[in-house]
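A quick write-up on the structure given underneath.
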């Protein structure tokens, strides 16, 4: 074969290439986190399956499971009735993690702030190893007065200026 496709095998990409130095690879399904050989969860950076195509010239691309929410595979139980840990929700709104992916691949400058909301149910925003930290795109997070609000910043720009 000239091209191979794999699901959730990013931890063995370099081994596949060593076995056949001419092989080209497409990731047909990828987790949002790199799991490594020990199958443990890592952070979004610097080991991220979404960035393998940038890191290796023999990786042609990555398909994230799943790009858009869909009905079916309701693993979270009632009242959920679909897959809800994608880049775009069923109404077409980009989730915070969608902005993260945008920051990886955009050639235009962009900055996005997401609020980490630990009060969200894990099952509502993440499913096993396809999920990500519970983030939201609004500031109405129930944080006790005087406590800091945790945010995540996704950007693709040479510099950011703080206004206060």
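The values are calculated or read from the model by the stated rules, or taken from the named source; none is laboratory data. Just so we're clear, the structure is a prediction, and the values are computed from it rather than from any experiment.
Worth a mention:
- Residue-level check: of (1) in a loop (DSSP other than H, G, I, E, B); (2) more than 28 Å from residue 3 (Cα to Cα); (3) at pLDDT 85 or above, residue 74 misses just (3).
- Under the condition of being over 14 Å from residue 89 (Cα atoms) and either within 10 Å of the chain's Cα centre (by Cα) or at pLDDT 70 or above (or both), the residues counted in segment 124-141 number 8.
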